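Read through the structure below, which is laid out as structure tokens, and then see the notes.
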Amino acid sequence: MKAIAIVGFKKSGKTTLALKIAKALINKNYRVAVLKHSSKAVEHELSDTDKFLKEVGRVALITPESTEIMFQAQWDLKDVVPLLSADFLVIEGFKSLKYFPKVYCLKDEKEKELLDDGLGIFSAGLDASLQEEGLVDYLINEEKDLSVMVELIEQKGFFLPNKNCGKCGYENCYELARAIVRDEESPKKCIYAQDYIDIKVNGKTISLNPFMSQLYQSLIYSILAPLKDIDSLEQAVIEIKADATDALIKKRDN
Ligand code: SF4
């Protein structure tokens with residue numbers, strides 16, 4: 001799974017940007033989930049729900065529009081993420097956590113200093129003058145900037161498990177995360193990293209669950225690995241050009 005955190009102070013445009021990025025990734029066929037930080041407790045329309053939550057600690061609320069499962073406890077991100085079952089996690093907030101890359105949403109120079117923890121892949125802002133002054137790389141409400149931002153996020157998104165075991169050779173996940181952001185390492189350096197492949201058909205990313213991803217990967221790699229002309233399959237980009245016959249198209253449509 002890949003992840004990006006959109007961080008910034010109040011009114012910096014982080015919700016606007018997180019929503020635009022999440023929608024753009026969905027349009028590219030990723031299964032996207034948003035994980036949002038809030039300093040306030042959620043207020044429920046039905047006060048009975050709060051009573052159950054306070055007294056019992058675990059409540060599921062099912063309405064015609066949505067389903068909420070609530071626990072009267074703060075969970076760690078790594079415990080919540082598997083429940084979301086997503087290919088791409090867009091995190092809004094959590095600026096103090098340091099095991100995924102970040103986009104800094106800025107309003108001024110001072111905020112840049114406060115946010116900069118070596119995990120930023122770019123900065124973004126709402127005000128064009130910030131870009132003119134060289135403070136932000138991209139503008140949140142510019143469509144052309146959005147497509148560049150989404151491409152960068154696709155290339156550079158990652159999520160380390162925050163186990164801080166040191167088995168990758170780095171002291172903790174933060175040190176490896178910084179090296180990945182500097183393009184000196186790959187997320188695969190983490191011993192808990194899962195192998196994965198991305199499949200694109202006519203430029204469109206095909207969403208695969210972990211089981212199918214591993215199945216396709218072992219199938220493709222077992223065909224290619226014995227070939228002598230291939231130096232390495234690490235970070236390999238494999239192109240397959242296919243022109244389906246009428247019979248195959250008919251079979252699929254049936
Ligand atoms: S191997 Fe490195 S990145 Fe992975 S959990 Fe351990 S310290 Fe973190």
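The values are calculated or read from the model by the stated rules, or taken from the named source; none is laboratory data. None of these values were measured; they are calculated from a predicted model. In this analysis, Cβ positions are derived from the backbone assuming ideal geometry, glycine residues included, and neighbour counts consider all displayed protein chains.
Scan the range 149-171 for residues that are in contact with a helix residue (DSSP H, G or I) (Cβ under 8 Å, 6 or more places away or on another chain), in contact (Cβ under 8 Å) with a residue 24 or more places away in the chain and within 6 Å of the ligand (Cβ to nearest atom) and the total you get is 3.
Residue-wise test of (1) out of contact with any strand residue (DSSP E or B) (no Cβ under 9 Å at 6 or more places or on another chain); (2) assigned by TED's automatic domain parsing to the domain that holds LYS10; (3) of a type in the set (A, V, I, L, M, F, W, C).
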| position | (1), (2), (3) |
| --- | --- |
| LEU89 | no, yes, yes |
| LYS95 | no, yes, no |
| LYS112 | no, yes, no |
| SER123 | no, yes, no |
| ALA128 | no, yes, yes |
| GLN131 | no, yes, no |
| LEU135 | no, yes, yes |
| TYR138 | no, yes, no |
| PRO161 | yes, no, no |
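Reported count of residues in the range 193-227, each being at pLDDT 75 or above, outside any helix (DSSP H, G or I) and surrounded by 13 or more Cβ atoms within 10 Å (Cβ to Cβ), is 2. Could you check the range 3-32 and list, in sequence order, the residues that are farther than 19 Å from LYS95 by Cβ and of a type in the set (A, V, I, L, M, F, W, C)? Within the range 3-32, ALA24, LEU25, ILE26, VAL32 qualify.
Matching residues to (1) within 16 Å of the ligand (Cβ to nearest atom); (2) touching a Gly at 6+ places or on another chain (Cβ under 6 Å); (3) farther than 18 Å from LEU25 by Cβ; (4) among the hydrophobic types (A, V, I, L, M, F, W, C):
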| site | (1), (2), (3), (4) |
| --- | --- |
| VAL103 | no, no, no, yes |
| ALA128 | no, no, yes, yes |
| GLN131 | no, no, yes, no |
| GLU143 | no, no, no, no |
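On the basis of being within 16 Å of the ligand (Cβ to nearest atom), touching a residue at least 40 places away in the same chain (Cβ under 8 Å) and buried (at least 18 other Cβ atoms within 10 Å of the Cβ), does PHE88 make the cut? Judged against the criteria, PHE88 is not a match.
Restricted to the range 49-70, and to residues there that are in a strand (DSSP E or B) and among the hydrophobic types (A, V, I, L, M, F, W, C), the residue that is surrounded by the most Cβ atoms within 10 Å (Cβ to Cβ) is VAL59.
Among the residues of the range 117-130, the ones that are buried (at least 24 other Cβ atoms within 10 Å of the Cβ) and either in contact with a Phe, Trp or Tyr (Cβ under 6 Å, 6 or more places away or on another chain) or without any contact (Cβ under 8 Å) to a residue 60 or more places away in the chain (or both) come to 1 in all. Within the option set LYS189, LYS204, LYS200, LYS228, being among the basic types (Lys, Arg) and in contact with a Gly (Cβ under 8 Å, 6 or more places away or on another chain) holds for one residue only, LYS189.
Quick one: which residue in LYS156, LYS163, LYS188, LYS251 is loosely packed, with under 12 Cβ neighbours inside 10 Å and either at pLDDT 80 or above or out of contact with any Cys (no Cβ under 7 Å at 6 or more places or on another chain) (or both)? Going through LYS156, LYS163, LYS188, LYS251 in turn, the sole match is LYS251. Sub-9 Å Cβ pairs linking a first residue in the range 99-116 that is in contact (Cβ under 8 Å) with a residue 40 or more places away in the chain and among the acidic types (Asp, Glu) to a second residue that is buried (at least 19 other Cβ atoms within 10 Å of the Cβ) and assigned to a loop (DSSP other than H, G, I, E, B), at least 6 apart or interchain, are GLU111/SER12, ordered by first then second residue.
Quick check on the range 114-125. Is at least one of its residues modelled with pLDDT of 95 or more and part of a helix (DSSP H, G or I)? Checked against the condition, which is being modelled with pLDDT of 95 or more and part of a helix (DSSP H, G or I), the range 114-125 yields at least one hit.
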